[in-house]
Amino acid sequence: MALTKITGAVIKDSTIAAADMSATGTANSSNTLHGSNAWATVATSGVINIAAADPGTGQTAGNTWYLTGAINVVTPANSGLGVWTTVDPINETLVKVAGAGTRNAGLKMGGMTGWDEGTQSNKTEEYDGTAWAAGGNLNTGRSASTRAGTQTAAMMAGGATYGGSSGSYSLNTTEEYNGTAWTNVNNLSTGTESVQGDGTQTAAWVCGGYQHPNNNTTNSQEYNGTNWSAGGTLSTGRQYSHGCGLLTAGLIVGGHSSYSATTEEYDGSSWSAGANVHTALWASAVFGIQTAAVSASGQRTSPSARLYETQEYNGTAWSTSGNVILPRMFMGNSGSQASGMMFGGETTASGSTGCPHVEEYDVAVAQFINV
């Protein structure tokens, strides 16, 4: 019996291999498959779940169900088959916005409407997987900041409050969020904007960025929940790269250093080269962990354009995944490789004023049918 795999409305023959399947469970004679074909995450009885209706997005990778003559399998991370969906927008029109948390418990922090002389936002918004609601205001409205933590235990540091002679470049202020209110805590060792980082509220890292008046710094700083201290030195100074991961397992992607395709990985002490992304870019959305990350959209240099491209990283190599719906740069993001999102940012149409649009990223469903 032949099987056909349908992905994104494109039929691909002869693509089922043992590596695509797990070692648990077997199909039975009441389903499309017969014999001892092994499939991931089947029912406890050892057969594929027979679904009454399509369970929708947000499924765990490996989930498998039979519906209307086809077997549906949620593809694993790093399969290169992720899909983007447009969802409820944020309540502001922003660029250079920060994000933290997960896809179903996300946090939007700060940002700016307009370019260098734009209006800084001190607003926080919380996402429950369906809709955005107002959270506590930042003590200092800012943009181009770094992020770390969860919706109820977040950290935001650095950034800028542009505005001519009244504006501040390369802020050193740090704030923590408890799910209700922001509190000022100890400052960064060195004020930095256009900075990247991640981690938890009590174990975070930031690196690179712009430290007025010097571009493309190589500095790293580490946070232990109380104080900031010096970290490892980047191989390539850069700003407007984006990063993800833990203090002991961080990742940064691209950046504005003559537009860069390079990535670097952090072990908590030093930075080392990771695999290059496919296109030199800056200001992309980067979320996940060091060994399971996503880099989406951003700006390329030649020809100059916002990218539709999404790439997934497995700690060794980047693979192409599903295109974004609305290409952009300077957006916020949060979540994991299997379940992430991006929001706000500068699109071709919105220009420097930014946009409110939100897209969610999911692992895809591969469908197998009899032919």
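The values are calculated or read from the model by the stated rules, or taken from the named source; none is laboratory data. Note that the coordinates shown come from a computational prediction; the quantities given were computed from them, not determined experimentally. So basically every Cβ, Gly included, is an ideal-geometry build from the backbone, and we count neighbours across all protein chains shown.
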Enumeration of residues in the range 166-212 that are more than 18 Å from V95 (Cα to Cα) and charged (D, E, K, R): E175, E176, D198
Contacts under 6 angstrom Cβ, first residue in the range 117-136 being without any contact (Cβ under 8 Å) to a residue 40 or more places away in the chain, partner of a type in the set (S, T, Y) and surrounded by 15 or more Cβ atoms within 10 Å (Cβ to Cβ), 6 or more apart: T119/T113
Residue pairs meeting the criteria (Cβ under 6 Å; at least 6 apart or on separate chains; first closer than 13 Å to T124 by Cβ, in the range 93-107; second assigned to a loop (DSSP other than H, G, I, E, B) and of a type in the set (S, T, Y)): A98/S145
Filter result for A134 (among the aliphatic types (A, V, I, L, M) and surrounded by 17 or more Cβ atoms within 10 Å (Cβ to Cβ)): no
Matching strands (runs of 3 or more DSSP E) fully within the range 124-218 where at least 1 residues are touching a Leu at 6+ places or on another chain (Cβ under 8 Å) and at pLDDT 95 or above: 124-127, 146-150, 153-157, 174-177, 182-185, 196-200, 203-207
Odd one out for S270, checked against (1) in contact (Cβ under 8 Å) with a residue 40 or more places away in the chain; (2) more than 24 Å from S336 (Cβ to Cβ): (1)
Strands (runs of 3 or more DSSP E) within the range 221-313 that include 1 or more residues crowded, with 22+ Cβ neighbours inside 10 Å, in contact with a Cys (Cβ under 8 Å, 6 or more places away or on another chain) and β-branched (V, I, T): 249-253, 285-289
